[in-house]
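Peer 1: Right, I'll just put the structure down here and ask away after.
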Amino acid sequence: MQPPWKLLVEDLGRIARAEIEARPLLLFVGGNNTGKTYLASLLWGLLSLTRELPVARGAAYQRCVAWIEERFARREREPTFDLTPEVHADFVQIVNDTLREHGAELARRTFNRSGFELGRIELRDVTLPKEISFRWEAGHEQGEPFVSLSARERDGMLWHATGTEDAERRASVIAFLAKEHVADVLGGASDPFASDTVFLRLMGPTFHPGPVFLPASRTGFMLLYRSLARQLVGDALIKTGAARAPAPDLTRPAIDFVDLLVGLRPEEGAYPEEAAFLERAMGGRLALRSGVGLNEVMYEYAEGEPALPMELSSSLVTELAPVVVTLRHVSGYRVLIIEEPEAHLHPRLQRRLAQVIVRLVRKGLFVWITTHSENFCQQINNFMKLGAHPRRAEMQRKHGYEEIDYLEVDDVAGYQFEADAPGGRTTVTEMKKTASGLVIPTFNRELAALTDEAMDLEQPDVEG
């Protein structure tokens, strides 16, 4: 399977260079303080914030302006037209030109630090995975004629741009179309006002069109998100007329996570079955208590027992709660980024969480992970072996798995982060895939050293 896109990054924090493929399941593995969170956060920023950057108006932009003018002149004879591979390539180039000019600004917005720098960020091999057509439509607004442009794929409308009657507005639409098209291909945020998603926000479950980022230290967020949200809202009210400002000590993915928790609604989201699977493994149930003010996540250990707030629940519950409530109550996202999913989990729970992630991948969700757990990665390797096993169904029954519990080799890519010295520059390399799954040297070295030490200590003392 050809990955839908690749990303090249240079000089991001300690990362000298990284080139990754956007596989459905990505594993970032390596020692502490080697830049895994930096790259995971930048991926979130790429998918969420690129639309905020001023568009670069280079040669690709000018070609697209000429293209839209040509199509506009023929709108009455040919109101519908397709997105060609050449225009798709120009749209990608517009975004790459924008990233080249404003990549450092993207990094500063993502990490919420004015001095944060990024050397280079570039999309490569961005595929056009589906047929997209455009349509001109005439109408009137407040008695004035206007022309709108809609983009559609087979399962519905993607974008809607109005007010394209004059050439200047049509040129501005190019920036909108390029960013929306590339964001859609990457799996990122789409404009909630570009289609009917705004109504989904009001009438359905919590709708989150961009990637969901579940940061490390989730226990702390679960204990403090309500207090933090009150502080953020209070700061906005004090600054009369000012928009709410991000908290200075949180990155944008973390702020987005707090917003997600605050905005949870009790309606059923995209993956309730996977949420219930994790709850059974936990031995209890998470409930969303809504009332006056902010909602609160509670843990119900057993029917008839009093529900516990997060501050009285175990770290197992507080670490898994964000995963469970996201799966149960949130819809619209196409990418889920989880930092250290193994944190505070017994190996048995790590294996169950890996099983849930595999099911999410099978259902079409992209899941990108940073991890330090050899147990978690070994379970992923086992699912890769199941996918290639000639007697897959038999092996699944033997080990208690369902038909959906397997991975194809092409579903997965793993990347090792390794510093050339303590506190030095990090090299990011793709891990090899074999019949046994991913080869993970950073774990293998330490396991070999641990085994050698244990065997050495088993030897009886011999004197003389």
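Peer 1: List every residue whose amide H lies under 5 Å from the amide H of E340, counting only residues 5 or more places away in sequence or on a different chain, with H placed 1.01 Å from N in the peptide plane.
Peer 2: Under 5 Å from the amide H of E340 lie the amide H atoms of T370, T371, each far enough along the sequence or on another chain.
Peer 1: From largest to smallest, what semi-axes in whole angstrom does region 1-144 give when each is the square root of 5 times an eigenvalue of its alpha carbon gyration tensor?
Peer 2: Numbers: eigenvalues 251, 65, 37 Å².
Ellipsoid semi-axes (Å, largest first): 35, 18, 14.
Peer 1: Something else: Could I get the Rg over Rh figure for region 1-57? Both from C-alpha atoms, Rh via Kirkwood, rounded to two places.
Peer 2: Value, to two decimals: 0.99.
Peer 1: Turning to a different aspect of this structure: In degrees between 0 and 90, to the nearest 10, how far off the longest principal axis of the chain does helix 252-262 point, with axes built from Cα atoms?
Peer 2: Once rounded, one gets 90 degrees.
Peer 1: Additional query: Using the count of nearby Cβ atoms within 10 Å as a rough guide to exposure, how do S41, S436 rank from fewest to most? Intermediate values should be presented prior to the final figure.
Peer 2: Numbers: S41 25, S436 12.
In order of increasing Cβ crowding within 10 Å: S436, S41.
Peer 1: If you don't mind, another one. Please list, ordered by chain and number, the residues whose modelled amide H lies under 5 Å from the amide H of R425; skip anything fewer than 5 residues away on the same chain.
Peer 2: D420
Peer 1: Over region 283-353, what is the mean sequence separation of C-alpha contacts under 8 Å (at least six apart), divided by residue count, expressed as relative contact order in percent? Provide the component values of the computation, followed by the final result.
Peer 2: Numbers: 57 pairs, mean separation 13.8, N = 71.
So the answer I get is 19 percent.
Peer 1: Roughly how many nanometres apart are two label points built 7 Å out from the Cα toward the Cβ at S227 and S314?
Peer 2: 2.5 nm
Peer 1: While we're here: Normalised by the residues of the chain, what does the relative contact order come to in percent, with Cα pairs under 8 Å and at least six apart?
Peer 2: RCO, the chain: 20 percent.
Peer 1: A further question follows. So what is the 222 nm mean residue ellipticity for the chain from helices alone, if each DSSP H run of at least 4 adds -39500 (n - 2.57) and you divide by all residues, rounding to the nearest 500 deg cm²/dmol?
Peer 2: On the way: 13 runs with 197 residues, N = 464.
Roughly -14000 deg cm²/dmol at 222 nm, from the helical runs in the chain.
Peer 1: Taking loop as defined by DSSP and a crowding limit of 15 other beta carbons within 10 Å, which trypsin sites (Lys or Arg not before Pro) in region 48-103 fit?
Peer 2: Sites meeting the loop and neighbour criteria: R74, R77.
Peer 1: Using the per-residue mean of other Cβ atoms lying within 10 Å as a proxy for protection, in what order, highest first, do the peptides 346-354, 29-37, 124-132, 390-398 fall?
Peer 2: 29-37, 346-354, 124-132, 390-398
Read-outs throughout are calculated quantities, based only on the coordinates presented, and are distinct from any laboratory measurement. For clarity, every value in this text was computed on a predicted model and none was experimentally measured. Here the Cβ is made from the backbone with ideal geometry for all residues, glycine too, and neighbour counts use every protein chain on show.
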